[in-house]
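Participant: Sharing a structure with you now.
The values are calculated or read from the model by the stated rules, or taken from the named source; none is laboratory data. This structure is a prediction, so every number in the text was calculated from the model and none was measured. Positions of Cβ are generated from backbone atoms using ideal geometry, with glycine treated the same way; all protein chains shown enter the neighbour counts.
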Ligand code: BUP
């Protein structure tokens, strides 16, 4: 029998940047009386993913959890465990058929990560369950992914880094912003995305953690109907997704922030899966010191958190820590980024521009120094710049390029953002607009409400 409220299956992919938006969607759906089944793959790559899933489930006991064992990939050409995990989830998703077909109450819809679309979307169609893709990146980058099946047939289009890539109907992409794996059709990251992109058109919609005004240009181009010959389902921006509460002891860094003057601290983080080289870490430390501003810095030197065993004093040098003792705080391990960005003492955010980080900064109206490292991040950085949320120094290359960004330049950019009152005002406006969108009657709230009504 069909219940009054939808029963939704949530299927995230690997990495915190994919898991967190799903948990946020789950808690939003629960607050609207939906029944939620969370389907996660095991084994899990990072410790942060395991601990967040457990904490979320213990706080939301009404959520049904299915932990499914994946068939592991053994791909010797890929060294990124997250990419391998994308592949194994995709290859194992057919194992979910019995669950998806026989759930009680039956599923009203499946919300699946864009990295599992290729296996879930056709299966859902066969079962007659509406399926929606959850896009955890920007709408603009998603359009690039949707174009990948065409692009890989003609990689010469990316031959020259000083030119632009034209995707019909969209403002051109500077080739220098396209992630380097896209130049290689055999790269695991590219292959996975191509496979998934081919199935995008079969979904009922693409749910995005974005806000109408924040990606206005792209949304208008899509509305004009010429993007990818209109083959994509509708985009449903429901962001900025609100955080769900994880009751934990307040970190030492939060008490430290409590004692700093308003808007005086630069927060620095490059996300959950960017390993910054030791040499680049040194330059960041010089930059922070040179900027003269207070700082809170999340230091990460490995891709996977479980492998991060370096001590702060080995990475930064004991003398740096002593010299900056009264000026800043460097931390290792997981911090509550949303809480940090919401703290009144935060004045700017030096960020890799992972999409969740961008949207969190937008929601809090915190000005950014965009420092993209890989993947979607340069495309996202341009959106940050256009929206008036931050500045982006295009000469700072990808993380895998040999050239270091020197401390002097880093310090200068931090000063520029911290001391730019106009930018601060613009960023605050972005924050106001973003928060308005999810209030009752706001643009994102309406989109969500209409979607859930449709699924009832
Ligand atoms: Br690190 C870290 N605390 O210590 P992105 C990250 N986060 O809350 P990424 C913390 O993880 P992808 C920490 O707030 C954001 O919601 C942060 O996602 C949170 O970047 C999320 O910003 C990280 O999208 O993922 O991790 O590089 O590559 O998928 O974009």
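Participant: Do we have residue 260 as within 16 Å of the chain's Cα centre (by Cα) and modelled with pLDDT of 95 or more here?
Facilitator: Against the criterion (within 16 Å of the chain's Cα centre (by Cα) and modelled with pLDDT of 95 or more), residue 260 does not qualify.
Participant: When you go through (1) away from the ligand (no atom under 13 Å from the Cβ); (2) crowded, with 21+ Cβ neighbours inside 10 Å one by one for residue 366, which number turns out not to apply?
Facilitator: Just one mismatch for residue 366, condition (1).
Participant: If you don't mind, another one. Within the range 292-314, which residues are in contact with a strand residue (DSSP E or B) (Cβ under 9 Å, 6 or more places away or on another chain) and within 19 Å of residue 251 (Cβ to Cβ)?
Facilitator: 294, 295, 296, 297, 298, 299, 300, 312
Participant: Part of a helix (DSSP H, G or I), more than 16 Å from the ligand (Cβ to nearest atom) and over 23 Å from residue 358 (Cβ atoms) - does that describe any residue in the range 308-315?
Facilitator: For the range 308-315, residues part of a helix (DSSP H, G or I), more than 16 Å from the ligand (Cβ to nearest atom) and over 23 Å from residue 358 (Cβ atoms): present.
Participant: Let me ask something else. From the list 287, 388, exactly one residue is touching a residue at least 40 places away in the same chain (Cβ under 8 Å), touching a helix residue (DSSP H, G or I) at 6+ places or on another chain (Cβ under 7 Å) and in a loop (DSSP other than H, G, I, E, B). Which is it?
Facilitator: 388
Participant: Which residue, of 105, 122, 155, is in contact (Cβ under 8 Å) with a residue 40 or more places away in the chain, in contact with a helix residue (DSSP H, G or I) (Cβ under 8 Å, 6 or more places away or on another chain) and away from the ligand (no atom under 16 Å from the Cβ)?
Facilitator: After ruling out the rest, the residue left standing is 122.
Participant: Select from the range 91-102 the residues that are loosely packed, with under 14 Cβ neighbours inside 10 Å and in contact with a helix residue (DSSP H, G or I) (Cβ under 9 Å, 6 or more places away or on another chain) and write down the one among them that is nearest to residue 188 (Cα to Cα).
Facilitator: The residue in question is 94.
Participant: Then there's this: Given the criteria surrounded by 15 or more Cβ atoms within 10 Å (Cβ to Cβ), modelled with pLDDT of 95 or more, in contact with a strand residue (DSSP E or B) (Cβ under 8 Å, 6 or more places away or on another chain) and outside any helix (DSSP H, G or I), does residue 137 qualify?
Facilitator: No; evaluated as a whole, the condition is false for this residue.
Participant: In the range 75-90, which residue that is within 26 Å of the chain's Cα centre (by Cα) and either surrounded by fewer than 15 Cβ atoms within 10 Å (Cβ to Cβ) or part of a loop (DSSP other than H, G, I, E, B) (or both) is nearest to the ligand (Cβ to nearest atom)?
Facilitator: Ranking the candidates gives 80 first.
Participant: Going through the range 1-47 one residue at a time, which ones are part of a strand (DSSP E or B) and within 16 Å of the ligand (Cβ to nearest atom)?
Facilitator: 11, 40, 41
Participant: Consider only pairs whose beta carbons are under 7 Å apart and that are at least six residues apart or on different chains; among these, list those whose first residue lies in the range 340-355 and is closer than 16 Å to residue 410 by Cβ and near the ligand (Cβ under 8 Å from one of its atoms) and whose second residue is at pLDDT below 95 and in a loop (DSSP other than H, G, I, E, B).
Facilitator: 352/274
Participant: What is the one condition in (1) more than 11 Å from the ligand (Cβ to nearest atom); (2) part of a strand (DSSP E or B); (3) within 23 Å of the chain's Cα centre (by Cα) that residue 329 does not satisfy?
Facilitator: Every condition holds for residue 329 apart from (3).
Participant: Output the residues belonging to the range 290-307 that are at pLDDT below 95, outside any loop (DSSP other than H, G, I, E, B) and within 12 Å of the ligand (Cβ to nearest atom).
Facilitator: If the condition is that a residue be at pLDDT below 95, outside any loop (DSSP other than H, G, I, E, B) and within 12 Å of the ligand (Cβ to nearest atom), then 305 is the only one that fits.
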